[in-house]
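Asks: Can you read through this structure? Questions will come right after.
None of the figures in this text is laboratory data; all of them are computed from the coordinates on show. Given the structure is predicted, the values throughout are model-derived calculations rather than measurements. Methodologically, a virtual Cβ is constructed for each residue, glycine included, from the backbone with ideal geometry; neighbour enumeration extends over all protein chains shown.
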Amino acid sequence: MTEKLVVIGAGMASGRMLENLFELAPDAFDVTLFNAEPRGNYNRIMLSPVLSGEKSYDEIVTHDAAWYEAHGVTCRFGERVESIDRERRVVVAPGGEEVPYDKLVLGTGSSAFIIPCPGHDLPGVVAFRDLEDTTAMLEASSGQGARAVVIGGGLLGLEAAAALRLRGMEVTVLHLAGHLMERQLDESAGYLLQKDLERRGISVLTNASTKAIQGEGKVEKVVLEDGTVLGADIVVMAVGIRPAVAVAAEAGLEMGRAVKVDAQMRTSDPSIFAVGECVEFNGQLFGLVAPLYDQAKVLAQTLIGGEDAFVPKELSTKLKVTGCDLFSAGDFAEGEGREDIIFRDPARGIYKRLVIEDDKLVGAVMYGDTADSNWFFGLIKEGTEVDEMRDTLIFGPAFQGGASVDPMAAVAALPADAEICGCNGVCKGQIVAAIEGGATSLGDIKASTKASASCGTCTGLVEQVLAVTLGDDFKIPAAQNICNCTDLSHEDVRRLIKSSELKSQPAVWQELGWKTPNGCHVCRPAINFYLLADWPLEYRDDPQSRFVNERNHANIQKDGTYSVMPRMWGGMTDAKELRAIADAAEKYDAAVKVTGGQRIDLLGVKKEDLPAIWYDLNQAGMVSGHAYSKGLRTVKTCVGSDWCRFGTQDSTGLGIKLEKKLWGSWTPHKVKLAVSGCPRNCAEATCKDVGIICVDSGYQIGVGGAAGMDVKETERLHDARTEEEAIEWSTAFIQLYRENAKYLDRPYKWVAKVGLDWVKAVLADDAERAALNERFEISQSVYRKDPWAQHATPEKAQGFQPVADLTLEAAE
């Protein structure tokens, strides 16, 4: 006979329990599912990408209406259960309706802890737990210059902060402890994380205690105990969670800090079970998804009379903030008898720390390079003795035995019970079994095992298991799709725009089968660049497909003002230009900063003043420095043979000629050049996208350097005998980069992909090099123009006013 199963809470834990239950015994229960939220199960750990705009809500829905209907689930969404009558075995729904059960599952999850400071209940104070919170943050981020204060520098708070920053908000993170994520990271890793976040424009205040939240009718500011006042349009509380157990406590179930359960997920009432964040097992609470899914699996077996037991496992942490690669696992606290192995690479921002006790790895913290994290995590969980590999342990599995080996060998050597997907508790053996059962793609593995279906950080490892198991029958994807609007990669789109002669955005959307009407914020800037690079005479640049800095021809600052940077050819200026800069600084109350690129930056200019300051600088003969663009930024020079006793050539003159030839050009990413007058390299040419070193015999041209988050020396492209030859080769290289690179790839990344040998071979062909120069000049006939002069007119200036006439152009 079919039993009545009532489930309270449609979260990820109860949702996984239902999946397992329907797989084991699809017809055993008549299921009624209550949920306080007006919706079913969705992947809450992917709310951060929804907030940042990388995903939509529909993309993170785990169980839609069709799924519930197919499994015969009676959905009572938007209804909070008021009470449980254990004696009569009924739950009381809103309005007093009684719903009987034979077995009851509590999946009530947790609620956010809100600091009980004055003002905590003002409109604009939100948690980050559900879709409503996410929607509130999205609405707050829509205003220009909007400010967010995130209280809590743990995993959830930092994900919220990064997402809001991507939305354009001015974000400040307040954290009570001395460094971020203190439960998962040590001080060194916390420091690197804070540096990374600050580099992204997120302000971080540690040792910060909130005194009050203030505002008239809504949030306006946050006051700290030390007197600091922070303006805020929204305050996000991410300081912790508490199990949501009120209905269980009122029903008289045995309680600790949450609902107490045994290893079969059974409460003190044999007909009531619990799963997820509302559970306490052996004094332990659970907030990460991996143990919740283990509980769900055990509970499904318990409900049908099977045998299984929940055993908590060692957990690891990875941060899902784009570009912040960090990992921690085990116990890394200092203690007697413990030994640390530490590796640091300051230039690359890499930090690794291993903690060893009794010849076993007991803790690991990694920042900047987490490629081997699964291997180290396996050593911790299995209690492997590491004495014999002590000297090379920090370098990972590829170096055990004293030499580097094929990275695939490390995956092949993993045992069957090695965990691959921490979110879903999927081991290598399960993936191999799925492959042997017919799975041949990442999608098949996701569908059959759930590996890589949650946060996605294990995707590369899953693909490696596929490659090792299937051999030549599986190829690890070389390129990802541009965005969710298309299945095509950047490389596919570039090729098709050329071969199919697509010369407009509507042509791309239509002919290449875009899934959205006109693209999104991810693909539109890329498509706009590809079209203008390939069809400069036919395609008209679309300002609405550009980032805000490029639309406004100035760099927006954290307070909503802009910086204005005129071009100084080759780093040279004169008294007239300096007077004009000084006059503009006084007139528009701008701060003055000398930059590392041999230019002068005027900071703090209001948006409505931009056309006027451009006009004033134009009158002195100065043009835009394009400091905001994906294009030529600067050509840095030393004084060369004009003044320096070591100078071998006129480096300043060559730099000016290069800059006047290249300025105004759009490129996949920013491009910086330098010309040094001798090998002493005072212009730092060996870390630029294109760097030229002058020598007695001519000019040594290097390409593919970097001096930002990555530091890389240039590689020698060509030795030129004359200035004209140096300019010809440099221009041809930049045009080749414009025509072939992926949007937002710097030259050094592009060269690494295609190979310097290929670049050299193309440019060594005299005819091809001449053709590249010709195509560059055709493009420059359109774009070698000063955008300041074009916008410093009464008609264009109107669009920069605080109250613009939105009928003149589409609102964003």
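Asks: For every other residue with a beta carbon closer than 9 angstrom to the beta carbon of ALA208, add +1 if it is Lys or Arg and -1 if Asp or Glu, then tell me the sum.
Replies: Summing Lys/Arg as +1 and Asp/Glu as -1 gives -2.
Asks: From the Cα trace of the stretch 59-167, what convex hull volume per residue do you get, rounded to a whole Å³?
Replies: Once divided by residue count, the hull of the stretch 59-167 is 184 Å³.
Asks: Turning to a different aspect of this structure: What whole-number volume per residue, in cubic angstrom, does the convex hull of the C-alpha atoms of the stretch 138-212 give?
Replies: Per-residue hull volume (Cα only) is 81 Å³.
Asks: Also: Pairs of Cα atoms under 8 Å, at least six residues apart: use those to get the relative contact order of the chain, whole percent.
Replies: Worked out over the chain, it gives 7 percent.
Asks: Take the Cα gyration tensor of the chain, multiply each eigenvalue by 5, square-root it, and list the three semi-axes largest first, rounded to whole angstrom.
Replies: Listed largest to smallest, the semi-axes of the chain are 53, 32, 27 Å.
Asks: For LYS195, which aspartates and glutamates qualify as cross-link partners when the Cα separation must be under 14 Å and same-chain residues fewer than eight apart are set aside?
Replies: Straight-line reach from LYS195, under 14 Å: GLU187, ASP325.
Asks: While we're here: For the stretch 583-721, calculate the relative contact order in percent as a whole number, restricting contacts to Cα pairs under 8 Å that are 6 or more residues apart.
Replies: Relative contact order here is 15 percent.
Asks: Report, in whole Å, the centroid distance computed from the Cα atoms of the stretch 514-568 and the stretch 632-710.
Replies: 27 Å
Asks: Which three extents, in angstrom, do the Cα atoms of the stretch 619-660 have along their principal axes, listed largest first?
Replies: 35, 26, 13
Asks: Continuing with this model, one more query. What share of Cα pairs, in percent, lie more than 23 angstrom apart in the stretch 26-120?
Replies: In whole percent, the share of Cα-Cα pairs in the stretch 26-120 beyond 23 Å is 42.
Asks: Of the beta bridges DSSP finds with both residues in the stretch 664-812, what % are antiparallel, to the nearest 5?
Replies: DSSP beta bridges in the stretch 664-812 are roughly 75 percent antiparallel.
Asks: Using the C-alpha gyration tensor of the stretch 344-385, what are the square roots of 5 times its eigenvalues, in whole angstrom, with the largest one first?
Replies: Equivalent ellipsoid of the stretch 344-385: 22, 11, 5 Å, largest first.
Asks: To the nearest 10 degrees, how steep is helix 187-199 against the longest Cα principal axis of the chain, on a 0 to 90 scale?
Replies: That works out to roughly 50 degrees.
Asks: In the neighborhood of GLY653, defined by Cβ-to-Cβ distances under 10 Å, what is the net charge if each Lys or Arg adds +1 and each Asp or Glu adds -1?
Replies: Spelling it out: positives minus negatives among the neighbours equals -2.
Asks: Antiparallel as a % of all DSSP beta bridges within the chain, to the nearest 5?
Replies: Restricted to the chain, the bridges split so that about 65 percent are antiparallel.
Asks: Taking Rh as the Kirkwood radius, which is the inverse of the mean 1/r over Cα pairs, what is the Rg/Rh value for the stretch 218-291?
Replies: Looking at the stretch 218-291, the ratio lands at 1.23.
Asks: Just the projected area, averaged over all directions, of the convex hull on the alpha carbon atoms of the stretch 515-581: how many nm²?
Replies: With the hull built on Cα positions only, its mean projection is 7.6 nm².
Asks: In terms of the Cα gyration tensor, with a ≥ b ≥ c the square roots of its eigenvalues, is the stretch 630-684 rounded because a/c is under 1.5, prolate because a/b exceeds b/c, or oblate?
Replies: Here the stretch 630-684 falls in the prolate category.
Asks: With equal scatterers on the alpha carbons only and no solvent term, can you work out the Debye log10 of I(q)/I(0) for the stretch 414-526 at 0.11, 0.13, 0.14, 0.21 1/Å?
Replies: Normalising to I(0) and taking log10 leaves -0.48, -0.62, -0.68, -1.00.
Asks: Taking a temperature of 4 °C and a viscosity of 1.567 mPa s, what whole-number D in µm²/s does Stokes-Einstein yield for the stretch 173-216 with Rh from Kirkwood over alpha carbon pairs?
Replies: 115 µm²/s
Asks: How high is the relative contact order of the stretch 729-810, in percent, counting Cα pairs under 8 Å that sit 6 or more residues apart?
Replies: Result for the stretch 729-810 is 31 percent.
Asks: Also: List the lysines whose Cα lies under 30 Å from the Cα of LYS103, skipping any in the same chain that are fewer than 8 positions away.
Replies: Leaving aside lysines fewer than 8 places away in the same chain, those within reach of LYS103 are LYS4, LYS260, LYS297, LYS313, LYS450.
Asks: Could you tell me the center-to-center distance, by alpha carbons, between the stretch 1-49 and the stretch 746-783 in angstrom?
Replies: 57 Å
Asks: For the stretch 188-336, what percent of Cα pairs sit more than 23 Å apart?
Replies: In whole percent, the long-distance tail amounts to 59.
Asks: Show which lysines lie in cross-link reach of LYS587 when reach means a straight Cα distance below 30 angstrom and same-chain residues fewer than eight apart are skipped.
Replies: Answer for LYS587, where 30 Å is the Cα cut-off: LYS558, LYS576, LYS606, LYS607, LYS630, LYS636, LYS660, LYS785, LYS796, listed by chain and number.
Asks: What is the sum of charges, Lys and Arg at +1 and Asp and Glu at -1, for the other residues whose Cβ falls under 13 Å from the Cβ of GLY178?
Replies: Here the charged neighbours net out to -2.
Asks: Still on this model: Between 0 and 90 degrees, rounded to the nearest ten: what's the tilt of helix 131-140 against the longest Cα principal axis of the chain?
Replies: With both axes taken from Cα atoms, the answer is about 30 degrees.
Asks: Also, I was wondering about something else. Rounded, prolate or oblate: which one fits the stretch 520-665, using the alpha carbon gyration tensor with axes a ≥ b ≥ c (rounded when a/c is under 1.5, else prolate when a/b beats b/c, else oblate)?
Replies: The shape class here is oblate.
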